[in-house]
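The values are calculated or read from the model by the stated rules, or taken from the named source; none is laboratory data. None of the values given here were measured: they were computed from a predicted structure. Ideal geometry is used to build each Cβ from the backbone, glycine not excepted, and the neighbour counts take in all protein chains shown.
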Amino acid sequence: MKKTLLLILLCSIFSFSNVLEKYDSYVLDDSDVEMSSAYTGPLITTGGAMAGISAIENMEPTKIGSVESNKITLIDEPNEVYVFDFVKYYQVTLDADTFYVIKIDSKMNEHSYEILIELKDGPNYDRTMNIYENGKPKTLILWVENNRLTPKKNREI
């Protein structure tokens, strides 16, 4: 009986999905106990997607939350607050393109989540935030840096 339980435990550990496996290669570059101040502040999106919902593309820049040194908050009903104790920075390669990714293991309401922030820009965003629950994609956010935005008259971002 003990051998069977041990075998089941080992199989579940080895079958656990590693969200970094989507890249051709990845190497740990650095780690820290908090998010760098370069990535903290309002979380402004220009698009995204959630599991079971089609993608939102090319929308007006909209504040959907904030990033703090050890917490990411998404404004929702109720708010989603992802808390973490450290961040890891990886250099990754995908289709011959090399860039950096921030990996965060977080908790919210006693559930574990993995967050990957790709520091790779696109036509209307500067980085992407991918939230995984149990190794499966939950949320994709196209994140635009605040200094790239030009505030419109009488409009708060």
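Out of segment 57-97, which residues are among the aliphatic types (A, V, I, L, M) and either loosely packed, with under 13 Cβ neighbours inside 10 Å or over 22 Å from N146 (Cα atoms) (or both)?
First pass over segment 57-97, keeping only residues among the aliphatic types (A, V, I, L, M): 59, 64, 67, 72, 74-75, 81, 83, 87, 92, 94, 96.
Answer for segment 57-97, where residues must be among the aliphatic types (A, V, I, L, M) and either loosely packed, with under 13 Cβ neighbours inside 10 Å or over 22 Å from N146 (Cα atoms) (or both): M59, V83, V92, L94, A96.
Considering only residues of segment 107-144 that are part of a loop (DSSP other than H, G, I, E, B), of a type in the set (D, E) and in contact with a strand residue (DSSP E or B) (Cβ under 8 Å, 6 or more places away or on another chain), which is farthest from P42 (Cα to Cα)?
The qualifying residue farthest from P42 (Cα to Cα) is D121.
Is at least one residue of segment 134-143 surrounded by 17 or more Cβ atoms within 10 Å (Cβ to Cβ) and modelled with pLDDT of 95 or more?
Within segment 134-143, not a single residue is surrounded by 17 or more Cβ atoms within 10 Å (Cβ to Cβ) and modelled with pLDDT of 95 or more.
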